[in-house]
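Participant: Structure in structure tokens, see below.
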Amino acid sequence: HQATVLVSLKDADISVRRRALDLLFVICDTDNAERIVDELVAHLVVADASIREEMVLKIAILAEKYATDLRWYVDTILKLISISGDYVGDSVWHRVVQIVTNHPQGDLQGYAAATLFVAVSPHRCHETTVSVAAYVLGEFGFLIAERPGMSGDEQFHVLHQHWFNVDTKTRAILISTYAKLANLYEECRPLVAPVFARSKNSSDVEVQQRCVEYASIREAFSPETVEDLLREMPPFEDKRRSALELRLLETEGEDSAAVTKASMPSEVEQQRALQSAQMLSNSPIEEEEEMPPIDEQEDEQEDAPDYEQEDEQEDEPDEDEPGMEEEDEQEDEPDEEEEEFDDQEESQEQAPDAGGGEPPEDKKEDVVENGSANPVVVGIPKELIPAMRKAFS
């Protein structure tokens, strides 16, 4: 019944046309997506204003959800802008930028840059086309700079011809693009500098601030820092619901069949997300292959001798020998007591005793041979005698 539903889009009753649009949105899948989207885009030319915004939103969602080739998605959005640009909200072209940025595989970024370069080449084009072209050329224009007629200065001239026909919001995007072009191509710097100089006194704060900052960036920072500041943007964060789905939720409510369908990812979207995750993530697969299997590691641990336990057993004192702990504590006493004992011994050998002379020779020999002496003669406390015996043994 697809053909019957497509005919109902041309019905005179607006309620029938809306029901037909809702039904086409729900029955769309991977097999018939291109035909339904092309039919909706063709009908958009003659559609009345009351349904155009809703059609643009649903066409954008279907093109993204079932696009097996993202180049077809880019072409579809550009058709929407050229046919009904006033009804293409910022969320639509913002989504194009996100998808192109997040999918570096293949030639999507170069294709988008070249397609948008051609789209803004005419002097008259929609402002939304200028906005999306300015962003994409600023990020990925270097991919087509080597092609004939698409050099850096040509990209500047193609964009700058629309400067006086766009509002301040689009001019702010153009200024950032000019700064990136001047950073990549020296021939663009003398073209960009006068634009920044004239716009430093702009009445719009955003335009004024960007011009002042970009004009002074090379004087304030080193060339390496400027390169880092003006390099391409990182991938956008993938959220559970895109801005288009949230917009559809606002207009139709949570209970709508269209909202339920839009929130369910298609097989194409799942494959696309998997490919992007594999390219953007650095999974350490090679390191895991180099590691030995877990079973072998356990066998090695079982076969290896347990030296640590043997050392602990050797270090543990035997409970059957009560004197071991005391001897170990005495052995571990600081060397200061031994040094003090040596100092006392030397001082006693040099100093005269209480009778005014050295002790007899037989008493000295007793001290050396027996390792003990009369405490009164030597002058050593009794508690140090065991340590002295060990020291001289």
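Participant: Leaving out ligands, DNA and RNA, and with a 1.4 Å probe, what % of the accessible surface on region 208-279 is carbon or sulfur?
Facilitator: 50 percent
Participant: Let me ask something else about it. Taking 7 Å along the Cα-to-C-beta vector as the label spot, tell me the I14-W72 distance in nanometres, rounded to one decimal.
Facilitator: In this crude label model, I14 to W72 measures out at 3.3 nm.
Participant: Report the local net charge at Q161: Lys and Arg +1, Asp and Glu -1, summed over other residues whose C-beta lies under 14 Å from its C-beta.
Facilitator: -1
Participant: If you don't mind, another one. Can you give me the C-alpha center-to-center distance between region 117-143 and region 90-106, rounded to a whole angstrom?
Facilitator: Comparing the Cα centres of region 117-143 and region 90-106, I get a distance of 14 Å.
Participant: Can you give the net charge of the other residues whose Cβ lies under 15 Å from the Cβ of A193, counting K and R as +1 and D and E as -1?
Facilitator: Value of the local net charge: +1.
Participant: So, by mean Cβ neighbours within 10 angstrom, what's the order for 38-47, 65-74 with the highest one leading?
Facilitator: In decreasing order of mean packing, 38-47, 65-74 become 65-74, 38-47.
Participant: Once R0 is set to 30 Å, what does the formula 1/(1 + (r/R0)^6) return for the Cβ-Cβ distance between E219 and E186, expressed as a FRET efficiency to the nearest 0.05?
Facilitator: 0.95
Participant: Could you grab the relative contact order for region 133-222? Cα pairs under 8 Å, six or more apart, rounded to a whole percent.
Facilitator: Here the relative contact order equals 27 percent.
Participant: Order the peptides 260-271, 78-89, 169-180 from the highest to the lowest mean number of other Cβ atoms within 10 Å of their residues.
Facilitator: 169-180, 78-89, 260-271
Participant: Please report the net charge: other residues with Cβ closer than 12 Å to the Cβ of E252, K and R +1, D and E -1.
Facilitator: -2
Participant: Here's another thing I want to ask about it. If you roll a 1.4 Å probe over the heavy atoms of the protein chains, what accessible area per residue do you get for region 1-105, in Å²?
Facilitator: With all protein chains present, region 1-105 gives 43 Å² per residue.
Participant: T260 versus Q2, label points 7 Å from Cα toward the beta carbon: distance in nm?
Facilitator: 2.2 nm
Participant: Find how much the distance from A277 to H157 grows on full extension, using 0.36 nm per residue of separation minus their present alpha carbon separation; answer in nm with one decimal.
Facilitator: Result: 39.5 nm gained on full extension.
Participant: If you don't mind, another one. Got the relative contact order for region 185-264 handy, in percent, Cα pairs under 8 Å and 6 or more residues apart?
Facilitator: Rounded, it is 15 percent for region 185-264.
The values are calculated or read from the model by the stated rules, or taken from the named source; none is laboratory data. Please read all numbers here as calculations on a predicted model, not as lab measurements. Glycine gets a Cβ as well: all are built from the backbone with ideal geometry, and neighbour counts include every protein chain shown. Quick note on the areas: whole protein, heavy atoms, side chains included, nothing else; ligands and nucleic acids left out. Shrake-Rupley method; radii C 1.70, N 1.55, O 1.52, S 1.80 Å.
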